[in-house]
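Report on the structure given below.
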Amino acid sequence: MRPSRINFFFTSLLFLAACHAKPATEEAEVDPASIRTPVTVTEITTGDMSDWVELNASSSFLQNNYIKAIAGGYINSVDVRIGEYVKQDQLAFTLKTKEAQALGNTINALDSSFHFSNTIKIKAIQPGYITQLNHQIGDYVQDGEQLAVLSNANSFGFILNLPYELRTYVPPGKSVQVMLPDGTQLTGTVDRIMPTIDSVSQTQNVLIRVGATAPIPENLIAKVRIVTRSKDNVISLPKEAILTDEAQSSFWVMKMIDSVTAIKVPVVKGMETGERVEITTPRFSLSDKILLTGNYGLPDTAKVQIIKGEQ
């Protein structure tokens with residue numbers, strides 16, 4: 001055989017071998033059935049659920065008391081200050097009449113050991129805050145003249161502007177939740193409902209009493225939570241676990257049937273709160289596991305891998 005033919009023969013063999021060989025970088029095919037979506041799961045919980053509305057309420061003293069002189073005379077001492085909280089029967093002023101002052105000076109001149117004073121003590125008849133002082137030491141006042149204004153602490157409460165359509169949910173004696181701007185939560189009681197309605201807003205003033213351990217300033221805006229509906233021992237899931245179509249006409253969850261398989265289960269929703277949704281049907285078991293994340297876009301039956309919350 002000629003050399004040229006031999007070279008051609010070996011070249012052809014190498015070409016054929018190269019055509020039939022697989023590229024070194026080609027990867028083996030992946031079985032779609034082995035692909036699993038990473039998910040997290042949640043459990044069914046039971047408990048009380050309620051619907052509510054939140055309305056603004058303003059703190060207020062509904063009544064002021066006026067500390068007045070009970071006789072004409074000179075103010076001998078002022079024992080309260082603006083903004084001070086005073087207790088019932090706490091001394092507020094002392095007063096000395098012109099006659100007592102003249103008589104006292106005469107008696108003391110005759111016998112200094114007698115210490116005649118004959119001052120009149122004026123006390124606060126109710127607890128509250130001093131919001132106004134009208135006189136100072138040395139002033140002469142008439143009988144019945146106003147000495148100070150005291151916000152009556154017993155009249156303190158939150159005034160709620162209640163829409164009339166919610167009137168049935170706020171009967172007298174009902175307990176409500178009052179939330180202050182600093183996060184403090186107080187339990188309030190509906191004390192009374194005012195007999196008039198604002199003609200423009202169609203709201204009715206409601207007085208809510210609270211049992212605060214610390215003084216609350218006037219005109220503080222708080223939120224009052226009014227429960228409109230409540231249920232006991234309901235089955236619920238986090239909102240993230242509930243899936244729906246574009247029209248939001250049907251709802252479903254993805255339920256685990258074994259350690260790697262989740263199936264689509266249609267559900268009917270009930271009450272909703274800020275974070276949870278009541279499931280009225282079907283009746284899930286407390287041991288059921290429902291997909292919480294990774295559930296969006298899964299087919300009716302899907303292979304999954306629990307990456308967090310597995311039990």
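The values are calculated or read from the model by the stated rules, or taken from the named source; none is laboratory data. Note that the structure is a prediction, hence the values are computed from the model and not measured. Cβ placement follows ideal geometry from the backbone for every residue including glycine, while neighbour counts extend to all protein chains displayed.
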Subject >> Verdict on A247 being hydrophobic (A, V, I, L, M, F, W, C), assigned by TED's automatic domain parsing to the domain that holds L291 and touching a residue at least 60 places away in the same chain (Cβ under 8 Å) >> reply: no
Subject >> Residue that is surrounded by the fewest Cβ atoms within 10 Å (Cβ to Cβ) [pool: residues in segment 273-303 that are of a type in the set (S, T, Y) and closer than 14 Å to E240 by Cα] >> reply: Y296
Original post:
Given (1) modelled with pLDDT under 85; (2) assigned by TED's automatic domain parsing to the domain that holds N134; (3) small (G, A, S), where does A92 come up short, assuming only one miss?
Top reply: (1)
**OP:** Kindly list the number of the only condition in (1) surrounded by 12 or more Cβ atoms within 10 Å (Cβ to Cβ); (2) over 30 Å from V176 (Cβ atoms) that fails for S250.
**Re:** (1)
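Applying the selection to segment 44-97, what residues are under 26 Å from the mean Cα position of the chain (by Cα) and of a type in the set (D, E, K, R)?
First, pick out the residues of segment 44-97 that are under 26 Å from the mean Cα position of the chain (by Cα): 44-62.
Matches in segment 44-97: D48, D51, E54.
Residues checked against (1) under 30 Å from S155 (Cβ atoms); (2) at pLDDT below 90:
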{"position": "D198", "(1), (2)": "yes, yes"}
{"position": "V206", "(1), (2)": "yes, no"}
{"position": "V210", "(1), (2)": "yes, no"}
{"position": "V260", "(1), (2)": "no, no"}
Subject >> T273 vs. criteria at pLDDT below 90 and either polar (S, T, N, Q) or out of contact with any Lys or Arg (no Cβ under 9 Å at 6 or more places or on another chain) (or both) >> reply: yes
**OP:** Report, by residue number, each residue of segment 230-244 that is under 23 Å from the mean Cα position of the chain (by Cα) and hydroxyl-bearing (S, T, Y).
**Re:** S230, S236
Original post:
Do we have any residue at all in segment 260-272 that's in contact (Cβ under 8 Å) with a residue 40 or more places away in the chain, over 25 Å from the mean Cα position of the chain (by Cα), in a strand (DSSP E or B) and surrounded by 18 or more Cβ atoms within 10 Å (Cβ to Cβ)?
Top reply: yes
Original post:
Quick check: is even one residue across segment 236-245 more than 30 Å from T184 (Cβ to Cβ), at pLDDT below 95 and loosely packed, with under 15 Cβ neighbours inside 10 Å?
Top reply: yes
**OP:** For segment 30-44, name all the residues that are loosely packed, with under 14 Cβ neighbours inside 10 Å and at pLDDT 90 or above.
**Re:** P38
Original post:
Does segment 211-243 hold any residues that are touching a helix residue (DSSP H, G or I) at 6+ places or on another chain (Cβ under 6 Å) and within 15 Å of V178 (Cα to Cα), and which are they?
Top reply: I226
